[in-house]
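Below is one structure, written out as structure tokens; the observations come after it.
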Amino acid sequence: MAEKGFSVRTAEFKGTILVNICDEELVGSTVTEGKLKVHLSKEFYSGEVVNRGEALRLIRTCSIVNLAGSRSVSLAVDNRVGAPEAVREIQDVPFLMIYKFSG
């Protein structure tokens, strides 16, 4: 059975690289919790589908990363790029945003 991929969209703005990564099977779905509703849109998360190694490389090298889905969030947390206490779950889907500051 083939490994599921990660849907990735990257953007660059004034020298900052922003990466959005989502478990590919979640793209297009909507999760809700009370009045909170989050749509994992193709416009935000779709660009290309990459494997685990490439997703980790992008997480490590970008300035800002938005992650959605258990595999995407676990990849960052398990590799100590993101903190488990920063993970927010909505309808059992974990989300994590990481901002890297340098100076």
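Here are some notes:
- Computing semi-axes √(5λ) of the Cα gyration tensor in Å for the structure here picks out one of (i) 20, 16, 14; (ii) 29, 14, 11; (iii) 24, 15, 10, namely (i).
- Inter-part distance, the stretch 1-20 to the stretch 50-78, computed on C-alpha centroids, equals 8 Å.
- Site pair residue 97 and residue 42 shows an inter-label distance of 2.6 nm when each label is modelled 7 Å from Cα along Cα→Cβ.
- Charge context of residue 46, other residues only, Cβ under 14 angstrom, K/R +1, D/E -1: -3
- Nitroxide proxy distance, nm - points 7 Å out along Cα→Cβ at residue 89 and residue 54: 3.0 nm
- Working from Cα pairs under 8 Å separated by at least six residues, relative contact order for the chain is 28 percent.
Just so you know, all these numbers are worked out from the coordinates, no wet-lab data involved. As the structure is a computational prediction, the values presented were derived from the model and not from experiment. Cβ atoms come from the backbone with ideal geometry, glycine included; neighbour counts cover every protein chain shown.
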